[in-house]
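The values are calculated or read from the model by the stated rules, or taken from the named source; none is laboratory data. Not measured: the values here are computed from a predicted model. Virtual Cβ from ideal backbone geometry, glycine too; neighbours counted across all protein chains shown.
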């Protein structure tokens, strides 16, 4: 076999291996992004079912949670308890719809997710709407994604 032919075959093999590695990386990232997006869906589904336990389930046991009023709570158990309280009072008939704005992997096991939430609820027979931009920091531990930190910020409508 000629030297040129050997070089050509070697180059083709290297190219094929490189493409294969890239495809596997893209596929893995795609699986991770799908898992991260599913976490957001779980949070939305838990809210719309008015189920504090289901809402809190995707959070890490020691999650940090900052509410729109700036109050901070710590841990899945406190998140669950707080949401059981609001789902039986002010948000008992609410509906919350998530729109994922971005998913960014800081590392293979850490993602920053920005979500716009559109909440509709009733107070005194009047329907109200609220919009918030939410930042979730998700981490992957032992193959499972969970929410490690959650920050909710109201989106103010301009009234000028």
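Check every one of the strands (runs of 3 or more DSSP E) wholly within region 25-125 and list those with 2 or more residues that are over 21 Å from residue 155 (Cβ atoms) and either under 17 Å from the mean Cα position of the chain (by Cα) or in contact (Cβ under 8 Å) with a residue 12 or more places away in the chain (or both).
Working: elements: 59-66, 72-74, 95-107, 110-123.
Passing ranges, in order: 59-66, 95-107, 110-123.
What are the residues in region 44-62 that are surrounded by 16 or more Cβ atoms within 10 Å (Cβ to Cβ) and either on the phi > 0 side of the Ramachandran plot or touching a helix residue (DSSP H, G or I) at 6+ places or on another chain (Cβ under 6 Å) (or both), if any?
Passing the criteria: 46, 47, 50, 52, 54, 55, 56, 58, 59.
Mind checking whether some residue in region 81-95 is in contact with a strand residue (DSSP E or B) (Cβ under 8 Å, 6 or more places away or on another chain), modelled with pLDDT under 95, more than 15 Å from residue 117 (Cα to Cα) and surrounded by fewer than 18 Cβ atoms within 10 Å (Cβ to Cβ)? First the steps, then the outcome.
Taking region 81-95 and keeping what is in contact with a strand residue (DSSP E or B) (Cβ under 8 Å, 6 or more places away or on another chain), we get 82, 90-91, 93-95.
Remaining after also requiring modelled with pLDDT under 95: 90, 93.
From what is left, the residues that are more than 15 Å from residue 117 (Cα to Cα) are 90, 93.
Retained after the next criterion (residues that are surrounded by fewer than 18 Cβ atoms within 10 Å (Cβ to Cβ)): 90, 93.
The answer is yes, given that some residue of region 81-95 is in contact with a strand residue (DSSP E or B) (Cβ under 8 Å, 6 or more places away or on another chain), modelled with pLDDT under 95, more than 15 Å from residue 117 (Cα to Cα) and surrounded by fewer than 18 Cβ atoms within 10 Å (Cβ to Cβ).
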